[in-house]
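K.L.:
Structure incoming, see below.
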Amino acid sequence: PNWLEKEELCACGQTLIACDFWRDVLENIDLEDNEVEFEKFEKFSSFGCSPFNRDARENYLNINASIIQSIHRKAQKFGLVDSSKTTRDCFWRLNNLRQIGGVDLFLVYIVRDPRGVVFSAYKSHGSPERQRFKSQFLRASVSLLFWNLTNLSTIIYFHWFDRPKTFIRYEQLSSDPLSCFETMEKELGLDIGLKSVAACLQSGFWPAHN
């Protein structure tokens, strides 16, 4: 999968392959012999592709189920957060994960003020996507266009999703995260552990690998 090939970093600072946690998680999952085009079954633009390749779809579901079970065994936790940044790259993931037995799904839709998106687009450093265009106006226009398309598709999915769900603004999460966690706990019906969350927010330390 792409997230291994790109040598992305875990929150601990190590690459996913070097990290003790993820190395143990992936140890018994033979990804090389199960090369699955994950994007084919997740990206918004792949609509209609997966039903025509049942074997690959079944393989995709089996690998995801194995990864989830392996994470659970290693972490001894019942909650797993998929913090995908945009639904463009994972629009169909929720629908696919619904088909894996024993998985309860909860949706948290976080939306950012478009003014912040445009402001970020004016910067020429940081995300590789910003370096695709030299013109600040073009970067801002493209970012705003994708912001609208992404949120339109997410709104449609949000209304269609029939499991526990909640809506949160990015700016509120940044300024008052504890109240956002209280909202999630109430609307999703989960015991998030607000005292532990408050302690982590105060100390700035989150004991997790992601």
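Each value in this text was obtained by applying a stated rule to the coordinates, not by laboratory testing. Everything numeric in this text was worked out from a predicted model, so none of it was measured. Heads up, the Cβs are rebuilt from the backbone with ideal geometry, glycines too, and the neighbour counts pull from every protein chain shown.
K.L.:
What are the ³J(HN,Hα) couplings of the stretch 145-155, residue after residue, when phi is run through the Karplus curve with 6.51, -1.76, 1.60 and θ = phi - 60°? Round to Hz, x for glycine and proline.
P.N.:
4, 5, 4, 5, 5, 4, 6, 5, 5, 5, 4
K.L.:
Long-range amide H contacts for LEU107: which residues qualify at under 5 Å (H placed 1.01 Å from N, peptide plane, sequence gap of 5 or more or a different chain)?
P.N.:
LYS165, THR166
K.L.:
Work out how much length LEU152 to VAL103 would gain on full extension: take 0.36 nm times their residue separation and subtract the Cα-Cα distance, in nm to one decimal.
P.N.:
Result: 15.0 nm gained on full extension.
K.L.:
Right, here's the next one. Once you place label points 7 Å from the Cα toward the Cβ at VAL111 and LEU144, how far apart are they in nm?
P.N.:
The answer from the label model is 1.7 nm.
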